[in-house]
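Written out below as structure tokens is the structure these notes cover.
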Amino acid sequence: MGIRERLSGNEAAAIAMKQINPDVVAAFPITPSTEIPQYFSTFVSNGSVDTEFVAVESEHSAMSACVGAEAAGSRAMTATSANGLSFMWEMIYIASSLRLPIVMSLVNRAVSGPLNIHNDHSDAMGVRDSGWIMLFSENNQEAYDNLIMAHRIAENKDVLLPLMVCQDGFITSHSIENIELIEDDKVKEFVGTYKPEHYLLNDKEPMAIGPLDVQSYLFEHKYQQAQAMRNAKKVIADVAKDFEKMTGRKYSFFEEYKMEDAEIAVVCMNSTAGTAKTVVDDLRNKGVKAGLVKVRVFRPFPTEEIANALGNLKAVAIMDKADSLNGAGGALFEDVTSAMYVNKKQVPAVSYVYGIGGRDVTSNDIHEVYEYLQNVANTGEIDNPYRYVGLRV
Amino acid sequence: MPYNLKEVIANKPSRFTSGHRMCAGCGAPPVARMILRALKPEDHAVIANATGCMEVSTFMYPYTSWTDSYIHTAFENAASTLSGVEAAYKSMKKQGKLPDDKHTKFIAFGGDGGTYDIGIQALSGAMERGHDMVYVCYDNGAYMNTGIQRSSATPKFADTTTSPAGSVIPGKMQSRKDLTEIMEAHHLPYVAQSIAFANFKDLYEKAEKAIYTEGPCFLNVLAPCPRGWGYPTDMLMQINKLAVDTCYWPLYEIIDGKYVINYKPAKKLPVEEFLRPQKRFKHMFKPGNEWMIEEFQKEVDKRWDDLLKLEEMTNK
Amino acid sequence: MSTNIDKNTPAKDMTIGGNIYEAGNAVEFKTGDWRSIKPKYISEKCTQCGLCFPVCPDDAIPVGKDGKRTDFNYDYCKGCGVCAKVCPFKAIEMVNEE
């Protein structure tokens with residue numbers, strides 16, 4: 001029944017990659033994800049994986065090499081953070097438009113500038129429309145589990161999209177926590193072998209990838225991508241079912257914590273959920289009907305499900321660890337509120353931007369959010385829906 | 001086996017088909033086609049192409065002119081994209097995921113914009129890492145695909161759309177970057193400079209060496225652009241001959257550090273012979289601008305002399 | 001080989017990512033109508049020297065297994081005239097397209 005270990009989030013990601021044993025890993029160092037290619041290149045040097053490790057000269061080349069490797073017919077993986085992802089940006093879009101199921105570990109960090117190496121979600125939010133499947137992870141266990149499930153989702157013939165597994169830089173990536181690993185042989189069987197239908201190295205069917213796609217065609221190709229993203233929902237759910245059979249660990253599009261009778265709730269992603277859960281417990285002890293929704297599957301966005309989960313609340317706060325700088329709310333706030341509007345769920349909603357550039361998020365901060373929600377629930381009044389917490393104004 | 005043009009053409013079918021949309025008289029297709037003919041017919045190739053004229057006109061959905069596998073991703077990264085393909089090949093071969101008895105070769109094509117400029121980082125990285133590939137730069141001396149903007153391969157004084165010959169600034173004011181030498185500084189097993197010339201022997205043999213030398217190899221091939229250079233379309237081969245007879249574009253190769261100049265014109269022509277038929281240098285021939293031709297000649301002479309010295313030095 | 005994708009093809013029938021699995025299918029796309037002047041092959045003057053074969057950007061000079069060229073393939077010839085200019089024997093003449 002699994003292997004009990006104590007690992008950091010980066011170690012957990014590297015171990016998952018080792019067990020997956022991809023054909024190619026191309027990566028470039030950037031804090032806080034650097035340890036992943038470091039650990040992984042040790043596996044390569046010691047012969048414990050079959051992987052060709054390509055120590056590229058930039059993140060742009062890391063993603064370019066992953067695109068080349070995946071198109072060639074192999075499994076390619078990488079890891080990056082913040083500016084590394086920004087530098088990859090052009091290739092991020094190309095990877096998904098070429099329908100290549102590359103898997104990436106994204107260790108979330110603030111995108112410059114000014115330079116800051118600490119955690120927020122501005123890197124991930126910058127690529128939210130790039131056509132990648134995006135899974136978020138509260139802790140090392142989830143980062144590991146999401147990676148083990150990644151290829152089964154990305155490589156499904158109804159999907160064929162790249163996938164990134166996000167975890168919080170330092171908070172998760174560098175914190176050592178207990179973890180339950182899956183045995184190597186079980187992972188191997190679960191992940192399976194990659195058998196692409198068409199690939200560059202098939203000399204029996206030479207193929208061409210990456211055309212000039214003029215006005216008559218690009219719209220249809222983009223629609224195909226959009227459909228693949230819609231298809232991914234079912235595949236993510238199916239893979240989670242199989243994963244639960246293997247490990248007993250259950251994964252949904254989002255985790256609902258004490259939501260059955262909740263009147264107020266917070267929606268957030270990644271490690272903040274851990275802090276928020278203790279606040280919910282605390283509030284429940286005081287008789288406050290508080291709940292929490294932790295989004296795991298951010299792309300595709302589970303619109304209907306999330307609207308239903310939040311539809312009976314008296315007030316909801318959506319917490320974004322990235323400011324969209326749009327004069328309005330954060331990206332998660334916009335997705336959640338638009339999902340609710342479309343599904344005719346009218347609940348007073350507020351946007352909270354928090355934790356930018358690694359600003360500590362304490363239980364006091366989360367308490368402040370729930371206190372405001374209680375006030376909204378009681379009065380039905382929102383003085384300003386676009387709020388901050390933990391900020392010196 | 002000594003090169004025989006007729007045998008090559010008759011026995012090695014073209015791997016770069018008709019039906020592409022390159023301009024009439026473009027200098028690049030004959031170059032790409034002959035390089036691919038240097039592949040053994042039984043070998044498969046994966047070709048990576050940087051965004052540019054060649055890419056947009058040879059793979060416009062749903063038609064491809066390439067009979068081998070082909071990948072284009074972006075402008076600056078043909079070398080890193082192909083790095084990934086080559087790494088996948090190595091990994092899959094090692095694991096027995098590909099047939100043992102079949103060989104795949106890896107060739108990248110980029111224009112001078114995609115190679116000298118925006119792609120130089122990816123190229124340098126791929127060469128330093130030692131991937132078994134050939135990178136071919138087809139150098140037409142400007143960003144032709146976007147409408148003739150200057151690149152670092154554009155010769156001095158050339159009139160381009162971003163270095164226009166005006167009344168104050170007479171064209172591009174900087175000399176051409178010497179990319180072949182930069183690639184040699186990577187200490188690659190094989191680096192060469194070529195052109196479509198006479199019966200294509202020089203180009204074919206260099207392509208063959210580059211493709212079948214293990215490790216990263218680099219070919220720099222001048223490929224005139226009638227539109228960007230402003231010469232009559234039918235003059236392609238005459239312009240090429242002038243480029244080598246004036247020593248503007250010397251044909252040479254560097255094999256493990258040893259320089260071999262493959263063509264030394266019996267009579268080195270003045271560079272103005274090469275410049276005169278091209279509209280991009282027209283302003284240099286106006287009365288009062290003789291200094292421009294003199295300066296251009298000096299630079300050509302200096303680079304040619306340096307090359308002769310390098311050949312002598314490395315063959316002692 | 002035939003490419004059954006055109007500007008009326010619905011998304012469900014188009015290849016994903018713009019991939020093409022029929023390498024070299026550009027031969028289905030004819031470029032001959034770009035031409036305003038055309039090369040005329042005067043076989044009596046031709047010595048089969050081979051200089052014109054490799055210079056054609058459009059591979060529009062067919063060469064047989066015997067290493068000898070035949071008449072132009074006008075499906076692709078764009079009329080650039082490079083072949084006529086390299087011919088030392090005036091066996092190719094550029095004439096106006098009718």
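Here, each number is a calculation from the coordinates, and none is a lab measurement. Remember, it's a predicted structure, so these values are computed and weren't measured experimentally. Reconstructed Cβ throughout: ideal geometry from the backbone, glycine too, with neighbour counts over all protein chains shown.
Looking at A:GLY68, is it touching a Leu at 6+ places or on another chain (Cβ under 8 Å), surrounded by fewer than 24 Cβ atoms within 10 Å (Cβ to Cβ) and within 9 Å of chain B (Cβ to nearest Cβ)? No: the conditions fail for A:GLY68. Applying the criterion of at least 1 residues that are farther than 23 Å from B:ALA48 by Cα to the strands (runs of 3 or more DSSP E) found wholly in the range A:1-94 leaves A:3-7, A:76-80. Under the condition of being without any contact (Cβ under 8 Å) to a residue 24 or more places away in the chain and either over 21 Å from B:LEU219 (Cβ atoms) or among the β-branched types (Val, Ile, Thr) (or both), the residues counted in the range B:241-264 number 0.
Restricting the search to helices (runs of 4 or more DSSP H) fully inside the range B:212-316 and requiring at least 3 residues that are over 21 Å from the mean Cα position of the chain (by Cα) and surrounded by fewer than 22 Cβ atoms within 10 Å (Cβ to Cβ) gives B:290-314. Out of all the residues in the range B:140-166, which are among the hydrophobic types (A, V, I, L, M, F, W, C) and within 18 Å of B:TYR231 (Cα to Cα)? Passing the criteria: B:ALA142, B:MET144, B:ILE148, B:PHE157, B:ALA158, B:ALA165.
Residues in the range A:47-87 that are touching an Asp or Glu at 6+ places or on another chain (Cβ under 8 Å), within 20 Å of A:MET149 (Cα to Cα) and polar (S, T, N, Q): A:THR51, A:SER74, A:THR80.
Report yes if some residue within the range C:29-50 is under 16 Å from B:CYS23 (Cα atoms) and part of a strand (DSSP E or B); otherwise report no. For the range C:29-50, residues under 16 Å from B:CYS23 (Cα atoms) and part of a strand (DSSP E or B): present.
Within the range C:70-98, if we keep just the residues that are small (Gly, Ala, Ser) and assigned to a loop (DSSP other than H, G, I, E, B), the residue that is nearest to B:ALA223 (Cα to Cα) turns out to be C:GLY81.
Listed by position, the strands (runs of 3 or more DSSP E) inside the range A:120-187 whose residues that are within 15 Å of A:ALA82 (Cβ to Cβ) number at least 2 are A:163-168. Pairs meeting the criteria (first residue in the range A:187-214 and more than 7 Å from chain B (Cβ to nearest Cβ) and closer than 16 Å to B:VAL85 by Cβ, second residue of a type in the set (Phe, Trp, Tyr) and surrounded by fewer than 18 Cβ atoms within 10 Å (Cβ to Cβ), beta carbons under 9 Å, at least 6 apart or on different chains) are A:HIS198/C:TYR21; A:GLU205/C:TYR21.
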